[in-house]
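Here's the structure, in structure tokens; my notes come after.
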């Protein structure tokens, strides 16, 4: 599971959950499992981790997760280590929150205290997951309304999108944006058929579009991956600089800088 995707997904859900769960607090495991955060570094409700059953479609194959979120076994290994140290104490939901924070720190970003005390879900809802997660081809109006459902402001949207400072995206997400035809999915959209125009996304900086054309040709492998910004392994502000220069990889990123009717705080 890539750190940046974990970070965006679970900070989004965490922001909504914290308001409804005031008992979450820093140091939640300080007495029952004092080494919990150290174990997680070495190694929301965690419904994402549940596999399919005959009576339930899990979220691993949700539209925003399939072939995107990976390395689930890393979380499993962390959970196994925690169970040896503190059986039945630390939830997978809290492991995900701690792992997201640690991924940012290890990538050169800031450190902060996370509020813990979540309980793990016993069920998953793929359809709900599909409705919650932003599409990589989403435009600014849709993103604003989606975040508003979780009491998150436009400023929150811009800040959370900054998690794309680290990580990669698939060509499946951009090809339409370059070439104007093909499958109606994310980057494929921007390279080939932006907004159904049959043309590439005009907001793309020409040299950057040329680079993505080579990475994601119209008949190429849609599972090839490209960097979300120019420093994909470093948590910095390069992501926002790239958007200002028309070098956003995803449509849902570049739209932060081209929204014509948005408040000034929305423009990065």
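The residues 92, 86, when put in order of fewest to most other Cβ atoms within 10 Å, stand as 86, 92. Given R0 = 41 Å, the distance between the Cβ atoms of residue 207 and residue 83 translates into a calculated FRET efficiency of 0.20.
How far, in nm, would the chain grow between residue 128 and residue 145 when pulled straight, counting 0.36 nm per residue and subtracting the alpha carbon separation?
Details: separation 17, 0.36 × 17 = 6.12 nm, distance 1.60 nm.
Full extension from residue 128 to residue 145 adds 4.5 nm.
Inter-part distance, region 204-263 to region 141-167, computed on C-alpha centroids, equals 17 Å.
Per-residue extension of 0.36 nm, minus the Cα-Cα distance of residue 219 and residue 159, leaves a gain of 18.1 nm for this segment. With the highest mean first, a sort of the peptides 209-222, 97-110, 240-253 on other beta-carbon atoms found within 10 angstrom per residue produces 240-253, 97-110, 209-222.
None of the figures in this text is laboratory data; all of them are computed from the coordinates on show. Bear in mind the structure is a predicted one, so any value in this text is a computation, not a measurement. Reconstructed Cβ throughout: ideal geometry from the backbone, glycine too, with neighbour counts over all protein chains shown.
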